[in-house]
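Enquirer: Handing you a structure now.
What follows draws every value from the coordinates through simple rules; no lab data is involved. All of these numbers come straight from a predicted model, not from anything done at the bench. As a convention, Cβ positions derive from the backbone with ideal geometry for all residues, glycine included, and neighbour counts pool all protein chains shown.
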Amino acid sequence: MLVSVEHIWKYFEADIPTLEDITFTVEQGERLGLVGVNGSGKTTLLQIITDRIGFDPTPGGDGAVNISKNCRVGYLEQNSGMSSESTVDAEMHRPFAGLEEEYKKMTALTEKMQGLSGEELIRAGEEYSRLSAHYEANDGYMTEVKINTVLNGMGFRGIDRQRKINSLSGGERTRMALCKLLLESPDLLILDEPTNHLDLESTVWLEDYLSNYRGAVLTVSHNRYFLDRLCTRILELEDHKLKSYRGNYSDYVRQKKADLERQEKLYNEQQQKIKELQFYIDKNRASATSAKQAKNKQHMLDRIVDEGVEKPKKPKRPPKIRLEYDIEPPKEVFSAKNIDITVGEGESCRTLIDSLSFEIRRGEKVGIIGPNGIGKSSILKTIQGINPHSRGTVQWAMNTKIAYFDQKNEQLDPRRTVIDEVHRRYPRMTDQEVRTVLGGVLLSGENVYKPVGVISGGEKTKLSFAIMMLRRANVLILDEPTNHLDSMACEVLEDALSEFTGTMILVSHDRYLLNKIATRIIEVSPGGVRSFEGNYDSYFAVKEAERIAAEEAEAAKAAEKAAEQRERKKYRSREQRSQDVRRKQDLKDLENRIEALEGEISDIEKSLSDPETAADYIKMQDLCNRLEQAKAELDEAMESWVEASEQK
């Protein structure tokens with residue numbers, strides 16, 4: 001067991017707990033996902049475990065967070081990022097500072113031993129052996145490989161490693177902090193929304209990396225596909241309490257549904273039993289012959305009321321999203337031919353995609369995927385005319401009506417109130433009509449009078465979808481619509497988008513959403529643009545088959561090359577074969593010489609440790625001199641062996 005959390009309580013208001021009697025353990029090698037609606041206390045719990053905040057006294061006084069001895073805990077907070085004057089290279093090497101110091105000592109000892117003899121040389125050699133063994137056991141020689149692997153996997157392939165950390169964007173600094181944490185390789189890795197700033201390729205890499213991670217992982221994430229691929233157990237925070245479910249996210253959803261159905265059934269049966277008991281008690285309480293039985297039934301009823309099945313709590317009301325349209329567009333909805341996708345203006349203008357062509361038919365739901373910075377959001381803006389293009393053509397069919405969701409919510413005025421933002425677009429609606437629509441997406445009460453700039457990201461997303469519902473568009477263009485939504489809201493949105501019968505163009509890293517919604521995937525990569533029929537799993541299956549085929553082709557090519565080399569060797573000249581015989585004999589002679597020298601060195605070292613030898617100064621000096629000479633001869637023989645073995 002790495003961590004034990006026992007009976008933890010936390011209050012942020014006087015009488016209302018945020019966390020109530022939380023108890024769980026983290027075992028070696030576990031992959032735990034911590035889920036719950038926004039504001040349920042997930043980040044608070046992580047901060048308590050990592051001692052960033054304290055917990056409150058418990059009713060029983062037995063609250064504790066116990067971390068096993070020598071367990072190293074690493075924590076990546078949500079939206080945390082490195083802010084440093086040092087370089088990428090320096091920060092990536094920092095986790096290996098101890099090993100690098102050992103290597104410096106080993107180098108210094110190597111130089112020092114050239115001028116030593118006798119007992120000093122022996123002690124220095126023993127120290128070098130100790131350092132070398134520890135360095136190799138901790139993969140000291142693999143430091144650069146590890147750094148390159150993590151940087152490449154997290155989307156920093158080819159980055160200038162002398163670049164200052166504080167020159168990176170906020171998202172890049174967060175990813176860099178995650179790189180450093182992975183290289184530190186703690187026994188327990190605690191991650192709060194680790195995929196927030198990752199593209200699909202980096203997210204898949206992180207899933208594979210964490211699946212094979214030697215330590216334990218505890219992660220908060222709204223990325224359900226990530227939780228499905230990684231987790232072995234799900235912890236759910238709901239109504240201030242924690243419940244554990246074995247398996248991944250999909251297992252958790254099934255188990256929770258089954259638990260609720262079972263509890264509801266037991267509760268209904270219990271209520272029927274209570275009704276029957278109460279009827280018997282009321283009927284027989286006054287009867288002389290049945291009063292005793294009625295009293296026993298009352299005891300039974302009291303016990304059921306005190307200890308019986310708790311009434312299932314009604315699930316929190318989800319937002320209501322229903323997307324409809326009035327006009328059916330033609331079959332061929334959209335066409336782009338040879339357009340360029342650019343960002344910036346004037347001298348700062350940069351071309352992201354030189355020539356892009358694709359078409360969309362009525363009713364298609366097209367998911368656009370690709371690495372960060374490739375131009376996915378710019379594609380959506382360019383095809384709507386928000387961003388200009390200098391060549392090619394963009395054509396929308398007649399009767400198309402577009403509703404656009406911008407991931408940065410730039411279409412919303414941060415100075416206006418929520419209710420005014422709807423009125424601005426639909427001035428004929430009454431306040432009551434607007435509030436009814438906003439209430440459907442769970443924006444109610446005083447929240448409707450708050451400025452858009454102060455409400456949360458999730459609330460802005462709900463406001464945007466309320467506006468989209470009113471627009472009644474037959475084409476939806478969506479840029480990362482699930483970024484700020486909790487799992488329940490994501491599921492509601494997925495259902496609404498699934499039921500939408502119009503046309504959709506969707507940019508998303510949410511593979512759960514892409515799997516459920518997309519009928520076609522367009523992949524944008526540095527190598528070009530490709531189209532794949534089907535959802536994300538279909539796309540992934542094609543890509544995986546291509547990867548395997550490429551590996552098999554490479555293996556076949558290597559096998560063919562090896563076969564050609566073997567064939568060439570069959571036709572070598574008699575002289576070459578003769579040279580091979582001589583070389584093998586030379587190698588054998590050198591190996592015998594090396595074996596003899598190693599035996600002699602071992603015998604000398606044993607003699608040097610003999611007390612009788614230590615008492616004879618002259619003999620000791622002769623043995624030390626011979627030891628140095630034998631080691632020099634061994635080095636020379638080893639070099640000769642290496643040279644001979646490398647000869648063709």
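Enquirer: Taking 25 Å as the cut-off for C-alpha to C-alpha distance, list the pairs among Lys313/Lys516; Lys180/Lys462; Lys257/Lys316 that go past it.
Expert: Lys313/Lys516; Lys180/Lys462, as the Cα separations exceed 25 Å there.
Enquirer: At 7 Å along the Cα-to-beta-carbon direction for both Arg530 and Glu433, put a label point, then send me their distance in nm to one decimal.
Expert: The answer from the label model is 5.0 nm.
Enquirer: Further question on the same structure: Pull up the cross-link candidates among the aspartates and glutamates for Lys292, meaning alpha carbon to alpha carbon under 15 Å and not fewer than 8 places away within one chain.
Expert: Answer for Lys292, where 15 Å is the Cα cut-off: Asp282, listed by chain and number.
Enquirer: At 0.36 nm per residue, minus the direct Cα-Cα distance, what do Gln585 and Asn212 gain on full extension? Give it in nm, one decimal, please.
Expert: Result for the pair: 129.7 nm of gain on full extension.
Enquirer: Place a point 7 Å from the Cα of Glu276 along the Cα-to-Cβ direction; which residues of the stretch 291-315 have their backbone N under 19 Å from it?
Expert: The answer is 293-310.
Enquirer: Give the calculated FRET efficiency between Lys112 and Arg566 to the nearest 0.05, with a Förster radius of 51 Å applied to their Cβ-Cβ distance.
Expert: 0.60
Enquirer: Return a whole-number percent for the relative contact order of the chain, with Cα pairs under 8 Å and 6 or more residues apart as the contact set.
Expert: 12 percent
Enquirer: Can you list the lysines whose alpha carbon sits under 25 Å from that of Lys297, skipping same-chain ones fewer than 8 residues off?
Expert: Lys265, Lys273, Lys275, Lys283, Lys311
Enquirer: Something else about it: Which residue, chosen from Ala137, Cys179, Leu200, occupies the Cα position most advanced towards the positive end of the dipole of the stretch 127-209, where the dipole is computed from +1 (Lys, Arg) and -1 (Asp, Glu) charges on Cβ about the Cα centre?
Expert: Of the listed residues, the answer is Cys179.
Enquirer: What are the residues whose amide H is under 5 Å from the amide H of Arg520, where those residues sit 5 or more places off or on another chain and H is modelled from the backbone?
Expert: So Arg520 has HN proximity to Lys365, Gly367, Gly534.
Enquirer: Please arrange Arg303, Arg530 by counting, for each residue, the other beta carbons lying within 10 Å of its beta carbon, fewest first.
Expert: Ranked by crowding around the Cβ, least crowded first: Arg303, Arg530.
Enquirer: Using R₀ = 35 Å, calculate the FRET efficiency as 1/(1 + (r/R₀)^6) where r is the Cβ-Cβ separation of Ala553 and Ser357; round to 0.05.
Expert: Efficiency computed from Cβ-Cβ geometry: 0.75.
Enquirer: Kindly work out what percent of the DSSP beta bridges joining two residues of the chain are antiparallel, to the nearest 5.
Expert: DSSP beta bridges in the chain are roughly 50 percent antiparallel.
Enquirer: Right, next: With θ taken as phi - 60° and the coefficients 6.51, -1.76 and 1.60, list the Karplus ³J(HN,Hα) couplings across the stretch 425-432 in order, rounded to whole Hz; mark glycine and proline as x.
Expert: Here the 3J(HN,Hα) series is 8, 10, x, 7, 6, 7, 4, 5 Hz.
Enquirer: Moving on to the next point. Given a Förster distance of 60 Å, report the FRET efficiency between Asp420 and Arg157 from their Cβ-Cβ distance, rounded to the nearest 0.05.
Expert: 0.85
Enquirer: Quick one: if you stick a label point 7 Å off each Cα along the C-beta vector at Met142 and Gln621, how many nm between them?
Expert: A separation of 4.9 nm, rounded to one decimal place.
Enquirer: What Kirkwood hydrodynamic radius do you get for the stretch 253-307 when you take the inverse of the mean 1/r over all pairs of distinct Cα atoms, in Å?
Expert: 12.6 Å
Enquirer: Another one. With +1 on each Lys and Arg Cβ and -1 on each Asp and Glu Cβ, how big is the dipole of the chain about its Cα centre, in debye rounded to the nearest 20?
Expert: The dipole magnitude comes to about 3500 debye.
Enquirer: Just to confirm a number: summing +1 for Lys and Arg and -1 for Asp and Glu over residues other than Ala403 whose beta-carbon lies under 10 angstrom from that of Ala403, what do you get?
Expert: Computed value for this residue: +3.
Enquirer: Taking θ = phi - 60°, what integer Hz values does the Karplus form 6.51 cos²θ - 1.76 cosθ + 1.60 yield along the stretch 358-375, in sequence order, with x for Gly and Pro?
Expert: Couplings: 6, 10, 9, 9, 4, x, 6, 10, 9, x, 9, 10, x, x, 4, x, 6, x Hz.
Enquirer: Related question: Can you give the net charge of the other residues whose Cβ lies under 10 Å from the Cβ of Ala90, counting K and R as +1 and D and E as -1?
Expert: 0
Enquirer: Looking only at the stretch 231-261, which residues have a backbone nitrogen under 12 Å from a spot 7 Å from the Cα of Ser498 in the C-beta direction?
Expert: none
Enquirer: A further question on this structure: I want to check a number: in the stretch 574-646, how many lysine pairs have alpha carbons closer than 21 Å, given a sequence separation of 8 or more or different chains?
Expert: Counting lysine pairs in the stretch 574-646 gives 4.
Enquirer: In a shell of Cβ-Cβ distance under 12 Å around Glu127, excluding Glu127 itself, what net charge do Lys and Arg (+1) and Asp and Glu (-1) give?
Expert: Surrounding charge for Glu127 is +1.
Enquirer: Would you list, by chain and number, the lysines whose Cα falls below 26 Å from the Cα of Lys337, excluding same-chain residues fewer than 8 positions away?
Expert: In chain and number order, the partners are Lys365, Lys376, Lys381, Lys401, Lys543.
Enquirer: Mind sorting out which of (1) -0.55, -0.84, -1.38; (2) -0.40, -0.71, -1.42; (3) -0.51, -0.79, -1.31 is the real log10 I(q)/I(0) by the Debye sum over Cα atoms at q = 0.06, 0.08, 0.12 Å⁻¹ computed from the coordinates?
Expert: (1)
Enquirer: Gain in length, Glu119 to Ser538, computed as 0.36 nm per residue apart minus the alpha-carbon separation, to one decimal in nm?
Expert: Answer, rounded to one decimal: 143.9 nm.
Enquirer: Now for a separate question. Could you line up Lys112, Lys631 from fewest to most neighbouring Cβ atoms inside 10 Å?
Expert: The fewest-first ordering by Cβ neighbours comes to Lys112, Lys631.
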